[in-house]
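Enquirer: What follows is a single structure, and I will ask about it in a moment.
The values are calculated or read from the model by the stated rules, or taken from the named source; none is laboratory data. Note that the structure is a prediction, hence the values are computed from the model and not measured. Cβ placement follows ideal geometry from the backbone for every residue including glycine, while neighbour counts extend to all protein chains displayed. The protein model used for the area step is the full one, side chains on, heavy atoms only, and it has no ligands, DNA or RNA in it. Shrake-Rupley method; radii C 1.70, N 1.55, O 1.52, S 1.80 Å.
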Amino acid sequence: MNVFSKFGLKQVVNASGKMTALGASAVHPEVARAVSEAAQDYVEIDELLVAAGREIAKATGAEDGCPTTGAAAGIAIATAAVIAGTNLSLIERLPRPAGVPDEIVLQKGHSVHFGASVTQMIALGGGNPVEVGHANHTEKAHLTEAVNDRTAALLFIQSHHAVQKGVQSLEAMKEIAAAKGIPLIVDAAAEEDMRKYIALGADLVCYSGGKALEGPTSGFICGRKDLIEACRAQYKGIGRAMKVGKEGVVGLLTALARYGAKEETGGEQKARMERFLQLLEGVPGVKGGISQDESGRDIYRAKLEIDPATAGMDAKQLIKRLQSGDPAIYTRNHYSNVGIIFIDPRPLLPNQEQLIADRIRDIISKGSSI
Ligand SMILES: *Cc1c(COP(=O)(O)O)cnc(C)c1O
């Protein structure tokens, strides 16, 4: 039983990673306490936003920061900020054309869908997205030629969702933005490095609070002082529809202060996954191993190779059974087409590896007949 059960919802065991569809992150008890205390008290909200800016600045190396409901809201608010600044009449006119430069230039390979589309978030902030180049090929000229007196900013998407080859680098876009005297916005929603893009010269950077930070549903924009002031000002306009509450802000700041105080080292993850594999010993058709993250990060997952002839089902059938039970178990399935399932220890709550091992043993012993 958990808090969701009383609404008739299944418990979820998350062995897949940070998935918005599964509720992104389960926050640390210290973060949960802060959220709870903030929710039960009052504060001067304008002052809270300014204080949050100071904390975000400390954590990112930026001049200032502005809390948001998420990185998607960050894109919309950053867009509105570069278009309307702190001019109240313009702020209140958005997202309709405000009669001032409103084009946001991005590379076609960056026009991604993260669960919703980046260009829609630009439009929500009153921006007119201008995609340049081709899906897998953008030259510097495509960008420089697209910038004109209607351009409000350049936008760079730093994400595994984006095309990685044949596109212009963040450094190249910074050069263009600087030469043309326009701001460069970076969407770094899921990135772990909270300082890198500011250090590379981005004027505004959007992060998600529920991804790498493992905070509550929230986010922030960090960057240049005048532009962040303009971001905060949007809460009198389109930002009101994306209001971040006091509990969200305090949860975000607590997660930000904790960030880096890593709970579990790679070695600990490895040991935990080795114990998990022992629990699976003797299950027919399941061969276990430990696998480091492809990008070389200090993350270790259990890798299960499913042999359909012996297991009586293939990896995809096993995944389906795991997800349809109660608790619903979600594994990491990028390689299920070649018979491999990964178990990610990071989102697992204590002792859930036992529950997963028991369920796999049970499903395979019952075979494909059920
Ligand atoms: C997840 C994501 C977003 C949206 O972040 P939220 O915090 O869920 O609003 C935006 N851009 C990219 C690249 C993402 O991966």
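Enquirer: Tell me which of His134, Ile360, Gly289 sits at the most positive position along the dipole axis of the chain, charges placed on C-beta atoms (Lys, Arg +1; Asp, Glu -1).
Expert: Final value for the positive-end residue is Ile360.
Enquirer: Any idea which of Thr69, Tyr330, Ala190 is furthest toward the positive side of the dipole for the chain, if Lys and Arg beta-carbons carry +1 and Asp and Glu beta-carbons -1?
Expert: So the residue we want is Tyr330.
Enquirer: Under a Cβ-only charge scheme (Lys and Arg +1, Asp and Glu -1), can you give me the dipole magnitude of region 42-261 about the Cα centre, in debye to the nearest 20? Before the final figure, lay out each step's value.
Expert: Numbers: 21 positive and 24 negative charges, 39 e Å.
My answer is approximately 180 debye.
Enquirer: Just to check I understand the Karplus step: with θ = phi - 60° and J = 6.51 cos²θ - 1.76 cosθ + 1.60, what whole-Hz values come out for region 188-194, glycine and proline as x?
Expert: So the J values, rounded to whole Hz, are 10, 2, 9, 6, 8, 8, 7.
Enquirer: Let me ask something else about it. Can you list the residues, at least 5 places off or on another chain, whose amide H is less than 5 Å from the amide H of Val132, using H built in the peptide plane?
Expert: Those qualifying (amide H under 5 Å, at least 5 residues apart or on another chain) are Leu106, Gln107, Lys108.
Enquirer: Restricting to bridges with both residues inside region 42-261, how much of the DSSP beta-bridge set is antiparallel, in percent to the nearest 5?
Expert: Percentage antiparallel, nearest 5: 45.
Enquirer: With runs of 4+ DSSP H residues as the only contributors, calculate the mean residue ellipticity of the chain at 222 nm using -39,500 (n - 2.57) per run, divided by the residue total and rounded to the nearest 500.
Expert: Computed ellipticity for the chain at 222 nm equals -11000 deg cm²/dmol.
Enquirer: Which one, Ala39, Ala146, Ser169, projects farthest toward the positive side of the charge dipole computed for the chain from Cβ point charges (K/R +1, D/E -1)?
Expert: Ala39
Enquirer: Ordered by packing density, taken as the mean number of other Cβ atoms within 10 Å over each peptide's residues, highest first, how do 40-49, 327-336, 99-108 rank?
Expert: Details: 40-49: 11.7, 327-336: 18.1, 99-108: 21.4.
Descending mean neighbour count gives 99-108, 327-336, 40-49.
Enquirer: Another question about this same structure. Taking only Cα atoms and a 10 Å spring cutoff, compute GNM fluctuations for the chain and point out the largest among Thr217, Thr119, Thr265.
Expert: Thr265
Enquirer: Whole-Hz ³J(HN,Hα) for each residue in region 313-321, computed from phi via Karplus 6.51 cos²θ - 1.76 cosθ + 1.60 with θ = phi - 60°, x for glycine and proline: what do you get?
Expert: Coupling constants for region 313-321: 6, 8, 4, 5, 5, 5, 4, 4, 5 Hz.
Enquirer: Further question on the same structure: Assign unit charges at the C-beta atoms only (+1 for Lys and Arg, -1 for Asp and Glu), then state the dipole size of the chain relative to its Cα centre in Debye, rounded to the nearest 20.
Expert: With Lys and Arg at +1 and Asp and Glu at -1, about 720 debye.
Enquirer: Quick one: what are the phi-derived ³J(HN,Hα) couplings along region 197-210, Karplus 6.51/-1.76/1.60 with θ = phi - 60°, whole Hz, x for glycine and proline?
Expert: Residue by residue, region 197-210 yields 6, 5, 4, 7, x, 5, 8, 9, 10, 9, 10, 9, x, x Hz.
Enquirer: I would also like to ask the following. In the chain, what percentage of the DSSP-assigned beta bridges are antiparallel, given to the nearest 5?
Expert: Details: 24 of 42 bridges.
Given both bridge residues lie in the chain, the antiparallel proportion sits at roughly 55 percent.
Enquirer: I'd like the accessible area for Asp307, computed on protein heavy atoms only with a 1.4 Å probe and all protein chains in place. Round to 10 Å², please.
Expert: 70
Enquirer: Would you work out the charge dipole size for region 253-346 about its Cα centre, treating the Cβ of every Lys and Arg as +1 and the Cβ of every Asp and Glu as -1, and quote it to the nearest 20 debye?
Expert: Result for region 253-346 is approximately 160 debye, rounded to the nearest 20.
Enquirer: Mind listing the lone cysteines of the chain, meaning no other Cys beta-carbon sits under 4.7 Å from theirs?
Expert: For the chain, the answer is Cys206, Cys222, because their Cβ atoms have no other cysteine Cβ under 4.7 Å.
Enquirer: Here's another thing I want to ask about it. At q = 0.12, 0.13, 0.14 Å⁻¹, work out log10 I(q)/I(0) for the chain with the Debye formula, treating every Cα as an identical point scatterer and leaving solvent out; two decimals please.
Expert: -0.94, -1.05, -1.14
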